[in-house]
1. Are any residues in region B:315-328 over 20 Å from B:Gln157 (Cα atoms), open to solvent by 10 Å² or more (accessible area, probe 1.4 Å) and small (Gly, Ala, Ser), and if so, which ones?
2. Go over the candidates B:Phe229, B:Phe312, B:Phe224, B:Phe244 one by one and state the one that is open to solvent by 40 Å² or more (accessible area, probe 1.4 Å) and not basic (Lys, Arg).
3. Can you tell me which residues in region B:206-227 are assigned to a loop (DSSP other than H, G, I, E, B), closer than 19 Å to A:Gly228 by Cα and free of Cβ contacts under 8 Å to residues at least 60 places away in the same chain?
4. Among the residues of region A:129-160, count how many are open to solvent by 10 Å² or more (accessible area, probe 1.4 Å) and either farther than 30 Å from A:Ala242 by Cβ or away from chain B (no Cβ under 11 Å) (or both).
5. Please give the number of the condition B:Ser74 fails out of (1) out of contact with any strand residue (DSSP E or B) (no Cβ under 7 Å at 6 or more places or on another chain); (2) of a type in the set (S, T, N, Q); (3) more than 14 Å from every other protein chain (Cβ to nearest Cβ); (4) within 18 Å of B:Gly107 (Cα to Cα).
6. Residues to consider are A:Gly256, A:Gly300; find the one that is without any contact (Cβ under 8 Å) to a residue 24 or more places away in the chain and in a loop (DSSP other than H, G, I, E, B).
7. Determine whether A:Ala203 is within 21 Å of the chain's Cα centre (by Cα), part of a loop (DSSP other than H, G, I, E, B) and either among the hydrophobic types (A, V, I, L, M, F, W, C) or surrounded by 24 or more Cβ atoms within 10 Å (Cβ to Cβ) (or both).
8. Kindly state which helices (runs of 4 or more DSSP H) lie completely within region B:41-126 and contain at least 3 residues that are over 24 Å from B:Tyr305 (Cα atoms) and free of Cβ contacts under 8 Å to residues at least 40 places away in the same chain.
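The values are calculated or read from the model by the stated rules, or taken from the named source; none is laboratory data. The shown structure was predicted, so the numbers you read here are calculated from the model rather than taken from an experiment. As a convention, Cβ positions derive from the backbone with ideal geometry for all residues, glycine included, and neighbour counts pool all protein chains shown. We work out accessible area using only protein heavy atoms, side chains counted, and drop any ligands, DNA or RNA first. Shrake-Rupley method; radii C 1.70, N 1.55, O 1.52, S 1.80 Å.
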2 protein chains.
Amino acid sequence: LSAEHRRPRIAIDAMGGDHAPAEIVHGALLAAQSGEIETLLVGDERRLRPLVPASSNVRIVHAPKEIAMDASPSQALRGADETSLGMAVNLVRDGAADAVVSAGNSGAFLAVALFRLRTIAGIARPAIAAVLPAKGGPIVILDAGANVDCRPEWLAQFGVMGSAYAHGVLGIADPKVGIISVGEERVKGNAQVIEAASALDRAPITFIGNVEGKDVFAHVADVFVTDGFVGNVILKLSEGLATFVGDVVADEFRSGSALTKAGAFLAKPALRRVRRKLDYDTYGGAPLLGLRGNCIVAHGRANRYAMRSAIFAAASAVREDVVGHIEELVSRTDLNDLKAAP
Amino acid sequence: LSAEHRRPRIAIDAMGGDHAPAEIVHGALLAAQSGEIETLLVGDERRLRPLVPASSNVRIVHAPKEIAMDASPSQALRGADETSLGMAVNLVRDGAADAVVSAGNSGAFLAVALFRLRTIAGIARPAIAAVLPAKGGPIVILDAGANVDCRPEWLAQFGVMGSAYAHGVLGIADPKVGIISVGEERVKGNAQVIEAASALDRAPITFIGNVEGKDVFAHVADVFVTDGFVGNVILKLSEGLATFVGDVVADEFRSGSALTKAGAFLAKPALRRVRRKLDYDTYGGAPLLGLRGNCIVAHGRANRYAMRSAIFAAASAVREDVVGHIEELVSRTDLNDLKAAP
């Protein structure tokens, strides 16, 4: 059976995340119910077995150890091959799984995936791509936190990877790629951004130049390139601001007149839908792009539904051959061009 | 008459901003109506005179030139002393005004203010402090865009200045200062943040360590320190996200059932108040901290009401002696400490 006709096989780090293993297992069971995915739960068999009904088609792969949430990347790498995360990654490396999902220590995930899977030729560093809701449809931000200190050529590579992802997985025919800066004019920005923009001009993508913070949710571009520091701040700020706006609305309704309260009651389902639209978790896990294998980073606080979303995101990365798309686009990119401005 | 008993004299760059001079003049007239402020409109007298009623107590100071919105800082500096911005800044330098407000080219404002007013002893660079609404009350973010490439000791100085501002102007007894990073643990962050945090530990302020994007609107700190690149992205992202949330709510209401529409109608005044609370403009102009004089940067798109807010912000910076507070706090800071980690 060729890869295209097989159900995607998703290896899941069952021991990673704030609510592991119970919520991770439940998420895998929910995903497996679709019948479209093969799930491999990697972790402590004694703890996992009681959570998995005998009738389910979820397989368990025993891993004797696990990586602590606060382990440093170098600590995580030592003895990783006996841990739930390391073994799940190795299943992908060895062709026994098509993708790996973990809600555990994301620095450890990044380090283990980088060392076990390696990057695609021409890509220096993997980047976390976050998909966020925006006006008229989702947008991609990368790097959302993998690399806090970046070189300009890495940012340019992120642009190429983001374009491949938006095309392959989000189905955007000709994704517009922008680089986040502090003004639209090309001279605005820090040294890193100005150099990266000049490399992106020569990449085989539709690069629209500098974009600003206000352009993200206005969907001025489909792909927003930035370093992992700024990307992480953007992601967490958006989460926090959406919560704050919700609280302000709730306060206004609570302290309002009888009419306001009646209005709030009638509008409740609509406001619930708003909250769901803005809820970052429902958008599923964030892919780690640039590796020779599909890796999906789930939120540390992921519950069963967020895990199901992350597992589905992994399956669609497999079906849409994200790794192949990136390889193809990078192969058409003159990498020397990406390394230095003219 | 001593400074404390005099009405604050605010010099206003009447020619700066997208809606100059009409909206700038109207903002000055609104502010002058309060009777608590003396306003000096600096700009082309021929254009300003027809906009100012003879009965008003707004004074006009003629400036023959103006700085273009797209002038580079170095272009702006050449011949600045004949421009509306340069002359307004010089009024503060020469003691003829207590503060200056401009909605014009902010890079030019920064450069002219830096060269004409100079920084407070011990401060390397001025920073833009933005006051944003957050849970339970306003917070301060700095630098909101003055310095896109920062040194760690500048960030530490921003923390000291932000603390003085939050205390003096926002009236927070013991402001908590945090530095924006990608994780709460001290080891998380880029090289710049880690070094700045260790300097802030030894400053005479209440430094709470690393904070994250999600902590801004949750009001985990009163003062959020970051470089001008990240600060600018945060500011503009928040503006854009608030607009997006408003649009999503409006869409849900518009496309909803009759009951939802009725609810939306009843809840309208509450939702209008929410929008106003989140509207960054009503929080007035952003002070440029660290200079030997009060400077307030108004939004380029400022209308008369935003200008009035910015002028009031300038007046309270004068009344609360922000410059004096910063000088005092900086004088108690061992500046060598701020320059190197142990």
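1. B:Ser316
2. B:Phe312
3. Once the filter is applied, which keeps residues that are assigned to a loop (DSSP other than H, G, I, E, B), closer than 19 Å to A:Gly228 by Cα and free of Cβ contacts under 8 Å to residues at least 60 places away in the same chain, region B:206-227 yields only B:Glu212.
4. So the answer is 7.
5. (3)
6. A:Gly256
7. No.
8. Details: elements: B:45-48, B:73-77, B:84-93, B:106-117.
Because the criterion is at least 3 residues that are over 24 Å from B:Tyr305 (Cα atoms) and free of Cβ contacts under 8 Å to residues at least 40 places away in the same chain, the helices (runs of 4 or more DSSP H) in region B:41-126 that meet it are B:73-77, B:106-117.
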